[in-house]
Structures are given as C-alpha cells and as structure tokens.
1. To the nearest 500 deg cm²/dmol, what mean residue ellipticity at 222 nm is calculated for the chain from DSSP H runs of n ≥ 4 alone, each contributing -39,500 (n - 2.57), summed and divided by the residues?
2. Where a ≥ b ≥ c are the square roots of the eigenvalues of the C-alpha gyration tensor, would you call region 290-414 rounded, which needs a/c under 1.5, or, failing that, prolate if a/b is larger than b/c, or oblate?
3. Once both labels are modelled 7 Å past Cα along the beta-carbon direction, what's the residue 502-residue 372 spacing in nm?
4. Take the alpha carbon gyration tensor of region 6-121, find the square roots of its eigenvalues, order them as a ≥ b ≥ c, and report rounded if a/c is under 1.5; if not, report prolate when a/b exceeds b/c, else oblate.
5. Please compute, for the alpha-carbon atoms of the chain, the extent along each of the three principal axes and give them in descending order in Å.
6. Relative contact order for the chain: what percent, with Cα pairs under 8 Å and sequence separation of 6 or more?
7. DSSP beta bridges in region 290-414, what fraction antiparallel, as a percent rounded to 5?
8. Convex hull volume of the Cα atoms in region 439-481, per residue, in Å³?
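Readers should treat all values here as calculations from the given coordinates under stated rules, not as data from a laboratory. The structure presented is a predicted model; accordingly, all values stated were derived computationally and were not measured. We place every Cβ from the backbone using ideal geometry, glycine too, and count neighbours over all the protein chains shown.
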Ligand code: SAH
C-alpha cells in the first residue's frame, strides 16, 4: 500500500510546547513545509536543512494566496520527486477548526493523494485555558459552541443566533472586527446583556492579553484596550472563574521583554527558564563559540599531559570542547586520573560531572581570581588552564608570580557575530520597552555594542542584567544602565536577580 505523504498538521495556538509529539516529528522530517503565519512561527527554525518552505499566509509577499493556490501547491509537491516528498501542511491550532483543513483534505482525495490528519490544540479551548477560563464547568454550563465571527456581518448570516443564545459557553473565533455585531445579535436573540464575556488576544503567547466585561460592555472595552486579532471571545458564566483560576498572567516575569545575547548553543537554559517564568524572550546571539580542531597546542598538551598535576577549567565550553577533541584523538577521562581538577563555577563542575569527573575544588566566588588562594601555600605545581583563546590574564599571571609553572591550552574562541538588530528590537530599545538585556560574559557585551553601533540607540538606554563583576565592568565601559546584577555569578543567580526586580 502507498504510504501517505501529505500531512495536515495542527501546530497549536502559539506556545510551541503545545504541538503534538507526532506533529513535531513530522515538522522535523518534512521535505516541504507549507504554512501560514498564525501560530507556526516558532517551528520554522526546526525543519531539517534543505526543507522547501512556502508561506501561504493570506498576504505572503504582496499577493493574496488563494485557497485554490494552496490546494494545487500541495498536490504538486506531493507528486514531485516520484511521490517521495514528505509534505507537511502546518496550520495554527487544529486543522479542522476553522482552518479549512477539510477543504484541503477533500482536494487531496479528489486528486488521489493519500493524506493523514494530525489534530492540534485549538485556540478556541487553549487560549481560554491560558486566561484561566475553563470552557466547561459543572454547575456553570452544559454546552459549548465554537462559532466563526467572520459570518456575523453577512446579511443572510449562517449563524442561528436564536439557537446560539441557549448555549452555555460560546467561543467566537475571528470575531474582533465584528465584535459589536456579535454582542448585539446575541442580546437581540435573548441572551442577557449581563452575560460575562472575555477577549483573549495572542492566547498562550508571552504577549497574551485578556480583558473581561459583559455582552453589553465588551465592544467599548475592546476598543479602549485596542484588542487586535488573533483573539477569541468567550461568552458565558465560566468567564467568572478567571478571577480564581488566572495563572498564566500571574507568573513573575509575565509581560517583561528580555533580550538574551548568549551564543545560540549556550542560550537554551537561560531562554527556557526566563520563558517559563513568563518573560517574552528575544533571542539575539551576539557571539558564537568556535571550538578549535585538534590544534598543535592541544596535541602537545595531550602528549605531555602526565606532567601536569592540576587542571583548571574556566567554562562549560572548555570542558565540552576539550573532551570532543580528546575523544577524536582516542583519549578519555582517564587522562585526569591522577590530577586535581578545578572549576571556576558550578555549571563547569556539572559539565565535568556529566562525563564522570568530580571536581576537586570549586571556589566560593565564581571568578577566576578566587582560585588563586588555593595555590598560595602549595609547593611549586604544574598547572594547565584549559580555556578560551582570549581571556583575562590575571589567573595565569598570579599563579606564575606564586612560582608555579602554568600552561595555557586554548580550547575554543568566541567570535562576535555582528548581527543586524531587528527593526523591532531597535525600536523597543530606543523607546525603553525592553526590560533587560542579559549579559553573561564580557564578550556578549562587546558583541552587543558592535551590533547596536550606528543604530541610534543611546548606551544609557541599554538596561543591563549582568552575571558578574567582570561583565559589569565591561558594561560600565560602554555606559550601559546596570539594572541588576547576579549575587551568585551563575545563570541561576542572574535569573534570581531579574526575578527579584519585580
Ligand atoms: N485552526 C485555528 C483557528 C484558525 S481561524 C485553531 O484551531 O485555533 C483564526 C482565528 O483563530 C483567529 O482569528 C483567532 O480568533 C483564533 N486564534 C488563533 N490563534 C489564536 C491565539 N493564539 N489567541 C487567540 N486567538 C487565536
């Protein structure tokens, strides 16, 4: 039997965690991805290299892509490459809830193309849930209707308002433009003007906004708060439960905009934790980490490693880079068997632990200087420092002054990426609408200032959150506005400091 090669996949409402396991699997293995903007943006970076991407959003480029065009594109792509293309049609929410997925499936069938449907989490239910409104609740409602607000304006409206007024919870999609008409029609059909109502804009996303009122007051409230699509409207007594069940908007960093400048490979834990605390995170890596490939320096260290009694790792990158190279050269962690291993901070120690080595010493303060006292009273030692190509010289210099023999082995270098700041981010910075720009090393500060150079952003408008004193000093060099500093010089310390500000 022929295996289907077209998949209509629901992407969920916007929060990228709300796609199904099956859906994400398909997105990652797609040869062709056909999408519209709503709710799918977060997945576009997850496709495999070489995946053909088609934005068929209502106004992709300048022209309107019709449903007909989309149907034909799907068939063409399904047939290309001897029918071996894996074609994913990714749609916001659920493909069959006002998503025209049914029309696309019918067209596939008519053209003899096999397909599968992967349902998604619809905004009709999830945006309400994220606003703290359960769309059904015992004692409040026994029925639920999901209605298109698009039809409300038509003369011979397809909506049976009289029947609808008898439903306990009514959710309207695409209802912002016709909000007044919707409220009017429901009241006319007998629904009480006092029926509670909520609008949830950009539900499940970090910029979610919710307003509540009644059928009578909502049009004015929406206008006053400038509610824009995408938004759902919820009409019914269940809206009252929001007062008690509101949760998403209660998170400590909800509504805050935070820029993360760390390299993409390192940023994930910071991005994830800030997002989980509710922040809108703008990822803007200003540096990248480039691991050295079997450098002469590394090879000579390996050949004489027995000589060194002490190894100092100054960063996670040093640990991962070192072991990648060592593995390639046929060595493993046993080269450290008879050595003392020292790390500057707990993240580095954790990276070592992951490969089976427990650090002998981690100083209490996580800066290079704090390692020096450890060696103050020791006999002359042979110490290797495995670190970035360019780093402060205070540690090796001080150790040499104490009489020790110090070898620096550079494992990686950081490169400034010099990305162009997006128009959006520049505007937000200029208008003071970014709450924090996080800096986790001096190189991220250097990278950031290179990036904003020539973009008319005043340095004292950069609200810096810094991981430690060295990074803070670099920020001061540029005159950034230091808004908060980590008490413990770790990512966790930085997150704690930011959270404390609110
Ligand atoms: N298939 C989608 C709906 C597509 S119709 C689904 O199941 O969710 C587009 C409408 O969906 C928008 O006009 C808006 O009413 C609603 N919508 C989609 N995403 C939304 C979101 N994140 N928050 C609020 N409403 C959303």
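1. Helix-only estimate at 222 nm: -9000 deg cm²/dmol.
2. Since a/c stays below 1.5, the shape of region 290-414 is classed as rounded.
3. 4.0 nm
4. Since a/c stays below 1.5, the shape of region 6-121 is classed as rounded.
5. That gives 92, 56, 48 Å along the principal axes, largest extent first.
6. Taking the mean separation of contacting Cα pairs over the length of the chain, I get 10 percent.
7. 10 percent
8. Hull volume over Cα atoms, normalised by residue count, gives 52 Å³.
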